[in-house]
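No value in this document is a laboratory result; all are computed from the given coordinates. Note that the coordinates shown come from a computational prediction; the quantities given were computed from them, not determined experimentally. No Cβ is skipped: glycine too gets one built from the backbone with ideal geometry, and neighbour counts run over all protein chains shown.
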Amino acid sequence: MTNSIDDLEKAECILVIGSNTTEGHPIVGLRIKRAVMKNDCKLIVAEPRHIRLCYYADQWIRHRPGTDVALLNGMMNVILSEGLADEEFIRERTEGFEEFRKVVEQYPPERVAKICGVDAEDIRRAARTFAGAERAAIVYAMGITQHTTGVDNVLSLANLALLTGNLGKEGAGVNPLRGQNNVQGACDMGALPNVFTGYRPVSDPQVRETFEKAWRVDYLPGNPGLTVVEMMDAVLRGEVKMLYIMGENPLLSDPDIKHLKEALEKVDFLVVQDIFLTETARYADVVLPAASFAEKEGTFTNTDRRVQRVRKAVEPPGDAKEDSWIIAQLAARLGYDMGDVTAAKVMEEIASLTPSYAGISYQRLEELGELRWPCPSPDHPGTPILHVDKFTRGKGKFSPVDYKPPAEEPDEEYPLVLTTGRLLVHYHTGTMTRRIKPLNELVPENRVWINPEDAEKLGVIAGQEVAVESRRGAIKVKARITEKVPPGVVFIPFHFGESPANALTNPALDPVAKIPELKVAAVRIVTGPDMERMSFVSSD
Amino acid sequence: MEQVRLSIDGVDVVTTSDRTILEAAREAGIRIPSLCYDRRMEPYGACRICIVEVEGARGLLPSCATRVTDGMVVRTNTEELRRIRRTIIELLLSDHPKDCMTCESAGNCELQDLAYEYGVKDTRFAGEQHHYEVLADNPLIERDYDKCVLCGRCIRICREVQGVGVYDFVNRGFEAVPGTPYNRPLTETPCEFCGQCVSTCPTGAIISIPSKGKGRPWQVKKVRTTCPYCGCGCQIDLHVRDGEIVEVSSPVMVGPGQGNLCVKGRYGYAFVHHPERLTTPLLRKDGELVPVTWEEALGAIANRIHKVLDEKGPDGMAFLSSARCTNEENYLLQKLARAVVGTNNVDHCARL
């Protein structure tokens, strides 16, 4: 997030797009609701599904899945043609405006209305509300990023914020909600194939030299590595022989489970370090028992860049060990001494090598409770709002972005759009929440959400078991008939191993971010005797 | 907002004009007792426990709902105030079960604390008492309205903070009680099971079922940590008794949630002690995963890494780090991949 969670209550307008906030990020959802209830903030929800935030919204735009760029270009077209842009901000703090304008001019609301399946007047109204607010914030999540146009979607949101001068000030900003407790931190720490800590590129010889010295090695590779989906492809091509997986369950979280099963079966040696024998761990050659969050010291970095402490409350069960101990032990057996790997000590090393974490230490966290990066020195208070006086690259850059349809659109054979997501009571691949009795009692099993219109056409009734099939596989799941999904769209949460949504999803990637298109796939629903000839994917 | 100066119990207090007397007093370290007050919500002024004397004011004023003004002279603990508070407590106890011995909230009950502080052992007002049915219509939240003091905190937090509004007062007069629409079970209302009502209830009227009987406040150690679920980063206190997490709460006005949690944050801790937790390294032998020592497991991995390095070079290996692990562990894993093995094939599920 460019701004902080607390900041949301200062916004006059919030655009929530591609985020079912009250279920995926309930506490951010709570702050958004409060902004509406207490401060009369105008909430615009752009989302194909009817989500709880729609009840609080000034306006709900139900656009077709995968048409975000068109919608945003349409809004920006209105802002430009009605003279609602922040000209001073554009003049002083941005570049690339003219090229951007040329593209946006090609998206008049009437054209966009057809692409998105919404009313042109609704696009105008949203544009006026957003641009008319003194402080307008954008909030998004995986509904924006998990597309083959994920990067384009994000760039469009950045364009909207630049166009209306909504960066570098309170109650505004471009605010991605990170889905996991420490996904922000894992990125900050360089658990990515192309960067070291603090997003410094592995391709930069100077950066490599810094790390070579600090880590006492002669050579660090400069070629960016493989992303998670690419790794699995490389396994199938015989290029990657060994996978080491710490605390992840790709079998359920990644697109196209069949493909992933093939990779896990094919890889010569699989190591999984986890707290449970996950669906993925069942394929492992070695399984290492790890300590859970409650059994270790450390830090997590949340979605608004807040570094906060994790503290040990109980002992790990049996012979389970902290991940840091396991990694250091393995390094030692490979001839490398990692030294003292207690959490506070490791943070010292991180701070010494990472300018944005340079001022963060356990002592300061103990005193202050939290610090937001960038925190470049031990006397720096942290940075709740990014880009206040200037952008990291100097000027804010407008990016001309054209609308491209999703990789797989519905056709005669697979006439429905499948979109996936989370439910409030369950979490990600369900490894934790599905083992918690009261939570599992509240939502014990999966459902495919079908609009009543489609259900009638298909002859499906509530609770009926149906097959949902895509070009990649089929699953068996009971139907929930609800107007919360529009006609032509079905929704399946991905928490359930026995009917895994990701058996159906499309592994097509965004060309830049390499993120798979989990939010749009073409599927069909099969019922009755036709189901008998089908084979179904489950995580077992 | 202006600066104001006032006197509370003879102490000179400087604060700002947006503060209430209760807030100004607490900031100055002067405790005024309260029952219907919770910092997460707007003042309500229902219980009258926090009444104070203000010089020149007509009658006694609820300090939670009265803003400070310059030159105000406030007294919070006079004999008259104590007498009135004692009467209010007696009235509350006249329709309250005296089962503190087994009540889930003993030691964490604002009514019990008041009775203790004001020495109210019994009530002069013997009269009719309610005997409601205990409502356990869902796996998480139990309601026993015999213990309700009608402070409205559950109603207000659900409406004002959670924005849901599952509860409201039903019936009137002596029969008034918080309830759901048509007294439906919580599972049939829009309830999100966040447990904010549990966290604010001053007595044992609304409690968490999973922590029932698991430990008194003085038997548990609270450990402040960060919630392990989504990226909000809520601060939580794990209540630990004899090595077991028995409850989760959130410190009020601290961190992103400011004391509020969601259903996963508040009730999603039992996985830590689940019998299926992995407790020993496993190595595949003859197709089966069998328990081995750390020495054997780590040795097998190291041997295999050497073999891959010989045959394929460093890029024959790939590492998946974890958005669930700490910063320090992620740092170490990418260091292992880059510095020890020599590959940039390291990623995690940021994209999933």
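Tabulated data
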quantity: Stretchable slack from A:D411 to A:D40, in nm (0.36 nm times residue separation minus alpha-carbon distance); calculated: 129.3 nm
quantity: For the protein assembly as shown, the fraction of alpha-carbon pairs in successive 10 Å shells from zero, as %; calculated: 2, 11, 20, 24, 21, 13, 6, 2, 0, 0
quantity: Förster-model FRET efficiency, 51 Å R0, A:T527 and B:Y116, C-beta, rounded to 0.05; calculated: 0.20
quantity: Amide H within-cut-off set for A:K321, under 5 Å, with H built and near neighbours excluded; calculated: A:A290, A:A291
quantity: Cα-Cα P(r), the stretch B:258-322, percent of pairs per 10 Å interval; calculated: 16, 26, 29, 17, 11, 1
quantity: Principal axis dimensions, the stretch A:416-533 - Cα atoms, whole angstrom, descending; calculated: 42, 35, 30
quantity: Estimated translational D of the stretch B:3-77 in µm²/s (Stokes, Kirkwood radius over Cα pairs; 10 °C; 1.306 mPa s); calculated: 132
quantity: The stretch A:213-316 - Debye-derived log10 I(q)/I(0), Cα point model, q = 0.13, 0.16 Å⁻¹; calculated: -0.66, -0.91
quantity: With eigenvalues of the C-alpha gyration tensor scaled by 5 and rooted, chain B, Å; calculated: 52, 26, 18
quantity: Residue order, fewest to most beta carbons within 10 Å, for A:L30, B:L298, B:L135; calculated: B:L135, B:L298, A:L30
quantity: The stretch B:1-146 shape via C-alpha gyration tensor axes, a/c threshold 1.5; calculated: prolate
quantity: Two-decimal Rg/Rh across the stretch A:76-163, once Rg and the Kirkwood Rh are taken from alpha-carbon atoms; calculated: 0.95
quantity: Size of the stretch A:183-372 as Cα extents on the principal axes (Å, biggest first); calculated: 49, 43, 36
quantity: Debye-sum result for the stretch B:215-352 in log10 I(q)/I(0), which assumes one identical scatterer on each alpha carbon, at q = 0.14, 0.20 Å⁻¹; calculated: -0.90, -1.19
quantity: Amide H contacts under 5 Å for A:G190, placed H, 5+ residues apart; calculated: A:G198, A:Y199
quantity: Ellipsoid semi-axes in whole angstrom, largest first, where each is sqrt(5λ) of the Cα gyration tensor of the stretch A:272-341; calculated: 22, 18, 13
quantity: Estimated FRET transfer efficiency when R0 is 35 angstrom, pair B:R86-A:R311 (beta carbons, to 0.05); calculated: 0.25
quantity: Sequence-separation-based contact order of chain B, relative, with Cα cut under 8 Å and 6+ spacing, percent; calculated: 10
quantity: The stretch B:313-352 - percent relative contact order, Cα under 8 Å, separation 6 or more; calculated: 55
quantity: Fraction of the pair-distance distribution of the stretch A:6-177 above 22 Å, Cα-Cα pairs, percent; calculated: 37
quantity: The stretch B:313-352: Cα Rg divided by the 2.2 N^0.38 Å rule of thumb; calculated: 1.12
quantity: Under the span-like rule (Cα at least 24 Å along the axis, Kyte-Doolittle mean at least 1.0), DSSP H helices of chain B; calculated: none
quantity: Of B:K98/B:K222; A:K478/B:K147; A:K42/A:K397; A:K514/B:K307; A:K258/B:K264, those spanning more than 32 Å from alpha-carbon to alpha-carbon; calculated: A:K478/B:K147
quantity: Separation of the B:E288 and A:E212 label points, Cα + 7 Å toward Cβ, nm; calculated: 5.0
quantity: Ranking of A:R200, B:R172, B:R86 by count of other Cβ atoms within 10 Å, fewest first; calculated: B:R172, B:R86, A:R200
quantity: Translational diffusion of the stretch A:121-161, µm² s⁻¹ [Kirkwood Rh, Cα pairs; Stokes-Einstein; 20 °C; 1.002 mPa s]; calculated: 189
quantity: Relative contact order for chain A, counting Cα pairs under 8 Å that sit 6 or more residues apart, in percent; calculated: 16
quantity: Under the Debye formula (equal points on every Cα, no solvent term), log10 I(q)/I(0) of the stretch A:478-540 at q = 0.13, 0.23 Å⁻¹; calculated: -0.46, -1.21
quantity: Taking A:T420, B:T189 and counting other C-beta atoms within 10 Å, the order from fewest to most; calculated: B:T189, A:T420
quantity: Theoretical FRET efficiency, 1/(1+(r/R0)^6), r = Cβ-Cβ of B:K98 and B:Y182, R0 30 Å, to 0.05; calculated: 0.40
